[in-house]
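Here is the structure we will look at.
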Amino acid sequence: MTGDIPIEDFSPTAAAAARWTQETIGEEALGYLKRLEPADPSREPALYHASPRDPVWEYVLSTWQADECMDLMDGRVGAVGHSHVALWFLREDSGKVTGATAEAGYELDLSAGRWLVNPGGVGQPRDGDPRAAWLLLDTSTWMATWRRVEYPIDEAARAIEEAGLPRMLAERLYSGQ
């Protein structure tokens, strides 16, 4: 969308959405997006669009991936996205790594161990729950709560179709895929 990544690297439907965005985005919004970096490891939690290993493309969906990504984090807690799947991974002091998807209302205490969390997708969740997903993280107590909120899917799907984008992009909103 910003021109930094060749559109040919996208799936056909994602490429269509990126082309549409390039044609319709305003200069102010484009300028803002161009100033963003895919990683900000200086924060606590460290922030990554995709992962510490590959901040642009990697989908972190397994404990072995999370383990390798945590090796690259300076901080104790990191937040990733890209997969649009609400989940968490914990590396205990013993080195054991566990993880799971996070349902709406799920709470975890992140005050001990090393963590990699994913809030899910506000747009196009891909974990079978079509509601917008987000994470409330209180960094004073290190309590994490995954949340879901309904949004007007019919309106969003209609806007996608009216924009002339592939119908699949609208249909997937209903299934959370």
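Annotation for region 99-112: no member residue is of a type in the set (D, E, K, R) and touching a Gly at 6+ places or on another chain (Cβ under 9 Å). Without any contact (Cβ under 8 Å) to a residue 40 or more places away in the chain and either of a type outside the set (Phe, Trp, Tyr) or surrounded by 14 or more Cβ atoms within 10 Å (Cβ to Cβ) (or both): does that describe Ser83? Here the answer is no, as Ser83 does not meet what is asked. Taking (1) surrounded by fewer than 19 Cβ atoms within 10 Å (Cβ to Cβ); (2) touching a residue at least 24 places away in the same chain (Cβ under 8 Å); (3) assigned to a loop (DSSP other than H, G, I, E, B); (4) not aliphatic (A, V, I, L, M) in turn, Ser94 satisfies each apart from (2).
Within the set Ala79, Ala50, Ala86, Ala17, the sole residue that is of a type in the set (A, V, I, L, M, F, W, C), at pLDDT below 95 and under 25 Å from Arg131 (Cα atoms) turns out to be Ala17.
When Ile160, Ile153 are screened for being of a type in the set (Val, Ile, Thr) and farther than 16 Å from Thr13 by Cβ, only Ile153 passes. Quick one: is Thr2 hydroxyl-bearing (Ser, Thr, Tyr), at pLDDT 95 or above and either farther than 22 Å from Met143 by Cα or touching a helix residue (DSSP H, G or I) at 6+ places or on another chain (Cβ under 7 Å) (or both)? For Thr2, the condition - hydroxyl-bearing (Ser, Thr, Tyr), at pLDDT 95 or above and either farther than 22 Å from Met143 by Cα or touching a helix residue (DSSP H, G or I) at 6+ places or on another chain (Cβ under 7 Å) (or both) - is not met.
Quick grid of which residues meet (1) of a type in the set (Val, Ile, Thr); (2) surrounded by fewer than 12 Cβ atoms within 10 Å (Cβ to Cβ); (3) part of a strand (DSSP E or B):
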residue	(1), (2), (3)
Thr98	yes, no, yes
Gly105	no, yes, no
Leu135	no, no, yes
Thr141	yes, yes, no
Ala157	no, no, no
Ile160	yes, no, no
Gly164	no, yes, no
Leu173	no, no, no
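Does Arg114 count as more than 25 Å from Thr24 (Cα to Cα), surrounded by 11 or more Cβ atoms within 10 Å (Cβ to Cβ), in contact with a Pro (Cβ under 9 Å, 6 or more places away or on another chain) and in contact (Cβ under 8 Å) with a residue 40 or more places away in the chain? The answer is no for Arg114. None of Gly120, Gly99, Gly105 is under 12 Å from the mean Cα position of the chain (by Cα) and under 19 Å from Trp146 (Cα atoms) except Gly120.
The values are calculated or read from the model by the stated rules, or taken from the named source; none is laboratory data. Bear in mind the structure is a predicted one, so any value in this text is a computation, not a measurement. Note that we place each Cβ from the backbone using ideal geometry, even for glycine, and neighbour counts take in every protein chain shown.
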